[in-house]
1. With a sphere of radius 15 Å drawn around the Cβ of residue 203, what net charge do the other residues whose Cβ falls strictly inside it have (Lys, Arg +1; Asp, Glu -1)?
2. Using Cα pairs under 8 angstrom and six or more residues apart, how large is the relative contact order of segment 77-191, in percent?
3. Put +1 on the Cβ of every Lys and Arg and -1 on every Asp and Glu Cβ in the chain; which of 270, 353, 101 then has its Cα farthest towards the positive end of the dipole?
4. Which residue fluctuates the most in the chain, going by a Gaussian network model with Cα springs under 10 Å, if the choices are 178, 59, 83?
5. List the residues whose amide H sits under 5 Å from the amide H of residue 189, counting only those 5 or more places along or on another chain, with H placed 1.01 Å from N in the peptide plane.
6. Quote the relative contact order of segment 148-306 in percent (integer), defining contacts as alpha-carbon pairs under 8 Å separated by 6+ residues.
7. Mean-square fluctuation check for the chain, GNM, Cα pairs under 10 Å: which of 155, 66, 379 is largest?
8. Using θ = phi - 60° and the Karplus form 6.51 cos²θ - 1.76 cosθ + 1.60, what ³J(HN,Hα) does each residue of segment 211-219 get, whole Hz, x for Gly and Pro?
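Throughout, read-outs are computed from the coordinates displayed, never taken from laboratory work. Note that the structure is a prediction, hence the values are computed from the model and not measured. All Cβ positions, even for glycine, are placed from backbone atoms using ideal geometry, and neighbour counts span all protein chains on display.
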Amino acid sequence: MNKNFRIASITHNAEKKISLQDYCIDVANNVRKYHKSFPAYCETSLVVMTNTATALGLADIYIKNEDERFGLHAFKVLGGSFAIGNILARKAGMNVFETDYNQLISAEMRADNKNLTFITATDGNHGRGVAWSATQFGCKSIVYMPKGSAAERLENIKNAGADASITDYNYDDTVRLATQQANENGYILVQDTAFDGYTEIPKFIMQGYCTMALEAYEQLPDNPTHIFLQAGVGSMAAAVAAFFASVYKEERPIITIVEPLSADCFYRTAAACDGKLHCVDGEMNTIMAGLACGEPCSIAWDILSENADHFIAFHDEAAANGMRLLAKPFGDDTPVVAGESGASAFGCVAEIMTNPQLAEIKGRLQLNNQSKVLFFNTEGATDTENYIRIVNGY
């Protein structure tokens, strides 16, 4: 097998142990109703790249463009805003589905919540979403970032209202730091990964991502044959996979999860197939900063183990090439500004379709000129300097 690409596939039994009810279309509609109450809400576009698909040997390419989300250039705010709204609604004795943005920012609610502090760890986009949401609701926020985080992403989080800083730790140890600070100081941890004793808030965050999945489902001109989803801790990938598995049922598209070679915890877990989570320790050097996570979210793996078919770990240059191709697609296809993590799944598929050395993987994925593939551009140029450098080939 090509050293730059690894693939593990799962054969599923007919019996399912994990319920998808929390991510079904009814829940998604309620979550979107909540998000629609925000003044910043606007449905993001689904870009159809037919010319680029033809050039790559596919029937069609659909890209859900989250660069347009809430003015924050990433989808993550959907999860943070829904989780925080849920926490505040419950604190006031309300159901989040029966409240809205205007109620949550009322003078009474602000007075009750002004001393609440939300805390999280992030590579950038999740923390910015949490900070923005906390500020909207009149609360405080603290955001820790792993070593090597981009200065622009730090400043964006500070500008969203958080007390933010870059640590000397990798992502997973930064999560542990945020958890420790929450426990010691009475802060509320809003983290998009689950661990023993901490599953409810990650589930709220994952449900928040259903707005993006529902929009894409309604915008699709045809049912996709394939969905490719990038994974860091796996919360987005699992939520989107659960939603589409719920709506398509027996006609579910082939779902493939992709991640960097240096942070391939889902690939390792799928390849081991021993009922245990397999983590990556130490440095996880990759341009895909949003995916540099070494420990899978447990509830995400539970979903993906039953609803995803393939897990791929791949090299950074494929993601970089994906950024370039999305910026300058074939023919008159609409360009898409995609950051390193946002372009990752697309770049992975683009190389599989054009590199003869990956023919075995292409065949296993059943990718051909009849394939209609859905991607999610989860972030725009949230590190502008690096985006310009990569897209221009510096």
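1. -4
2. 27 percent
3. 101
4. In the Gaussian network model the winner is 59.
5. Answer set, sorted by chain and number: 119.
6. Result for segment 148-306 is 24 percent.
7. Fluctuation is largest for 155.
8. 4, 5, 5, 5, 4, 4, 4, 6, 8
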